[in-house]
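The values are calculated or read from the model by the stated rules, or taken from the named source; none is laboratory data. On a predicted model such as this, the values are computed, not experimentally measured, just so you know. Please note: Cβ atoms are built from the backbone with ideal geometry, for glycine as well, and neighbour counts cover all protein chains shown. Heads up: the accessible areas ignore ligands, DNA and RNA and are worked out on the full protein's heavy atoms, side chains in. Shrake-Rupley method; radii C 1.70, N 1.55, O 1.52, S 1.80 Å.
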Amino acid sequence: MTTRTELAGPPLPAPVPGRAFGIYIHVPFCATRCGYCDFNTYTPAELGGANPDGWLAALRVELALAAERVGSVPVQTVFVGRGGPASSVRVVMAAVLGAVRDNFSLAPDAEVTTEANPESTSPEMFATLREAGYTRISLGMQSAAPQVLAVLDRTHSPGRAPAAALEAKAAGFEHVNIDLIYGTPGETDDDLRRSIDVAVESGVDHVSAYSLIVEDGTALARRVRRGEIARPDDDVLAQRYELLDTRLSAAGLHWYEVSNWSADGGECRHNLGYWRGGEWWGAGPGAHGFLGSTRWWNVKHPNAYAQALAENRLPIADFETLDANDRHVEDVMLRVRVREGLPVALLDTGELSRAETLCAEGLLVRRQDALVLTDRGRLLADGVVRDLLG
């Protein structure tokens, strides 16, 4: 793997024919910072003069430069990842998709997703987004338990996320996702059961659920370090995952990736593109992109991002070129996580032998020409990958 810094940008190849191609756009604005969050987002006090209008102008330039590099390949998925730029959210999100359309051709059946914090949504916002062309909405609920939301520093009320899901469906969104976090200190089994039930009762067709990770540099990490709250327990996390899987499966939402459950047809196609080795352009401060064998990432701060684009150059902080072994490691790591499984044809002789051992240990099962994680294997997915690769 080679790595070097070149702010003018690496020589990027055209997308590979036959691979899924998507666009990821990062919106770096949030009204407040949650205690567990280490995403590249900024509150008004942290922006130092940056604002959604300036960011949007810079984004338009990046998308125009991206189109020059990528060519006429149709975009199959668009994912706008964000918190929420306060009251201008409706205008900004509609303008973002307009900027994509101005520079790229969207496939007729393109999936267009945006994330939203429940407290920044409204029926009017959902109607605007649906009219603009968004087809999928993802809501950060995290929990229905007030004390869990308090530990996470979430600002919405327990009932706001399910209400937002119902509003999104009423606005015409066929696909609505709710995000959950499990294993927060102070959470009980009943808290998680209630959170799952609230999500299911809101009629969503997709749930993403992630164990709480204490990231360095976050407010949550500082509280753990001071002994104010306990670090999540691995055994508790495993028990909570099993509870999630059992309850969601009973409600008709089945796992299709280790941390994601959906009804039939409700899978997130954009994320499947990542897991299946697809390609994408990452636009916005701190966004990552991947074409051919090149991965790159943009400068993080909105001011530096806008400055680079004001000079008509890609805002790339650094990039790396993956060799054949790097690509193989990533293929194994990602494709083993999805329900369709890891194609046996991708493995060499040594890996096939180790796979047989993992099957004997009850962590993998062979289904036709693929290796699929068992229920126990999903709990130990990272270890399964390490053992496969040797």
Practice item. Output the helices (runs of 4 or more DSSP H) that fall wholly within the stretch 227-346 and possess 2 or more residues being among the hydrophobic types (A, V, I, L, M, F, W, C) and within 24 Å of ALA381 (Cα to Cα), or say none. Key: 234-250, 269-275, 324-335
Revision key, fill the gap. Residue count, the stretch 198-227, condition within 24 Å of ASN177 (Cα to Cα), among the β-branched types (Val, Ile, Thr) and open to solvent by 20 Å² or more (accessible area, probe 1.4 Å), comes to 3
**Study point:** Qualifying positions in the stretch 284-306 - hydroxyl-bearing (Ser, Thr, Tyr) and touching a helix residue (DSSP H, G or I) at 6+ places or on another chain (Cβ under 9 Å)
**Key:** SER293, TYR305
Practice item. Answer with yes or no whether ARG367 is under 26 Å from ASP264 (Cβ atoms), surrounded by fewer than 15 Cβ atoms within 10 Å (Cβ to Cβ) and out of contact with any Leu (no Cβ under 9 Å at 6 or more places or on another chain). Key: yes
Check your understanding: Listed residues THR184, THR188, THR128; which is hydroxyl-bearing (Ser, Thr, Tyr) and under 30 Å from ALA99 (Cβ atoms)?
Key -> THR128
Check your understanding: If you check ARG154 against the conditions, is it open to solvent by 10 Å² or more (accessible area, probe 1.4 Å), modelled with pLDDT under 95 and in contact with a strand residue (DSSP E or B) (Cβ under 8 Å, 6 or more places away or on another chain)?
Key -> yes
Exercise for review: Could you grab me the full set of residues in the stretch 242-278 that are farther than 30 Å from PRO15 by Cβ, touching a residue at least 60 places away in the same chain (Cβ under 8 Å) and surrounded by 20 or more Cβ atoms within 10 Å (Cβ to Cβ)?
Suggested key: LEU244
Review point. Quick check: anything in the stretch 164-178 at pLDDT 95 or above, under 20 Å from HIS254 (Cα atoms), touching a strand residue (DSSP E or B) at 6+ places or on another chain (Cβ under 8 Å) and charged (D, E, K, R)?
Key: no
Check your understanding: With the stretch 1-100 as the region, which strands (runs of 3 or more DSSP E) entirely inside it contain at least 3 residues that are modelled with pLDDT of 65 or more and either open to solvent by less than 20 Å² (accessible area, probe 1.4 Å) or not acidic (Asp, Glu) (or both)?
Key -> 21-26, 75-81
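Does the stretch 137-147 contain at least one residue that is within 22 Å of the chain's Cα centre (by Cα) and open to solvent by 40 Å² or more (accessible area, probe 1.4 Å)?
Checked against the condition, which is being within 22 Å of the chain's Cα centre (by Cα) and open to solvent by 40 Å² or more (accessible area, probe 1.4 Å), the stretch 137-147 yields no hits at all.
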Check your understanding: Of all residues in the stretch 291-321, which are of a type in the set (A, V, I, L, M) and either more than 23 Å from ALA67 (Cα to Cα) or open to solvent by 10 Å² or more (accessible area, probe 1.4 Å) (or both)?
Key -> VAL299, ALA304, ALA306, ALA310, ALA317
Review point. If you check ALA163 against the conditions, is it among the small types (Gly, Ala, Ser), open to solvent by less than 20 Å² (accessible area, probe 1.4 Å) and at negative phi?
Key: no
Point to revise | Verdict on LEU342 being open to solvent by less than 40 Å² (accessible area, probe 1.4 Å) and either of a type in the set (D, E, K, R) or in contact with a helix residue (DSSP H, G or I) (Cβ under 9 Å, 6 or more places away or on another chain) (or both) | key: yes
